[in-house]
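The values are calculated or read from the model by the stated rules, or taken from the named source; none is laboratory data. Source: prediction; values computed, not measured. All Cβ positions, even for glycine, are placed from backbone atoms using ideal geometry, and neighbour counts span all protein chains on display. Ligands, DNA and RNA are stripped out before the accessible areas are found, and what is left, the full protein with its side chains, is counted by its heavy atoms. Shrake-Rupley method; radii C 1.70, N 1.55, O 1.52, S 1.80 Å.
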Amino acid sequence: MEKEQPKHILIVDDDPVVLRTMSNVLRGLFRVSVVKTGNAAVSFLANERPDLILLDYQMPLCDGPQTLGAIRSQEAYKDIPVFFLTDVNDAAMVKDALTLNPQDYILKSAGVGHLLQKIEAFF
């Protein structure tokens, strides 16, 4: 019987500390790829299809909502699940983010254990 391949997660965040921390936590359980910008995430999808995208909500140039819009506008990518990650716990921002239909919206301050629980529950 063939061993099931680990799920592939793409982490999109402009903060190198966040990228390193999350990838270190997730790497033992999942196949992890990282990019630092929304544009790099969209380019990445041209070659690979992750099972889940962890997308920083606030980034310079192309932020999380713009990136998710670009992903959802492409027929080939529109059904890839996306979790927004953010430091901002602002009700209006959360409401705006949820109109983009991400699978989840997770506060980074909740910690990596919470993130891991959400990912495992999703899969």
>> To make sure I understand the rule: partners must be lysines, Cα under 20 Å from the Cα of residue 36, and not fewer than 8 residues away in the same chain. Which ones qualify?
In response: 108
>> What would the Debye equation give as log₁₀ I(q)/I(0) for segment 2-52 at q = 0.20, 0.30 Å⁻¹, counting only Cα atoms as equal point scatterers?
In response: -0.68, -1.17
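Over segment 41-104, what number does the Rg to Rh ratio reach, with both radii from the alpha-carbon atoms and Rh per Kirkwood?
0.95
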> So for 54, 98, 107, what's the accessible-area order with a 1.4 Å probe, most first?
Replying inline: 98, 107, 54
> Amide H of residue 7: which non-local residues (sequence gap of 5 or more, or other chain) have their own amide H closer than 5 Å, using H built in the peptide plane?
Replying inline: 31
> For segment 72-123, what mean projected area does the convex hull of the alpha carbons give, in nm²?
Replying inline: 4.0
> What does the charge count near residue 37 come to, summing +1 for each Lys or Arg and -1 for each Asp or Glu among other residues with Cβ under 14 Å from its Cβ?
Replying inline: -4
> Rounded to the nearest whole Å², what accessible area per residue is found for segment 1-70 with the 1.4 Å probe?
Replying inline: 55
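Can I get the semi-axes of the chain's equivalent ellipsoid? Compute them from the C-alpha gyration tensor as square roots of 5 times the eigenvalues, in angstrom, largest first.
On the way: eigenvalues 87, 62, 39 Å².
Its equivalent ellipsoid spans semi-axes of 21, 18, 14 Å.
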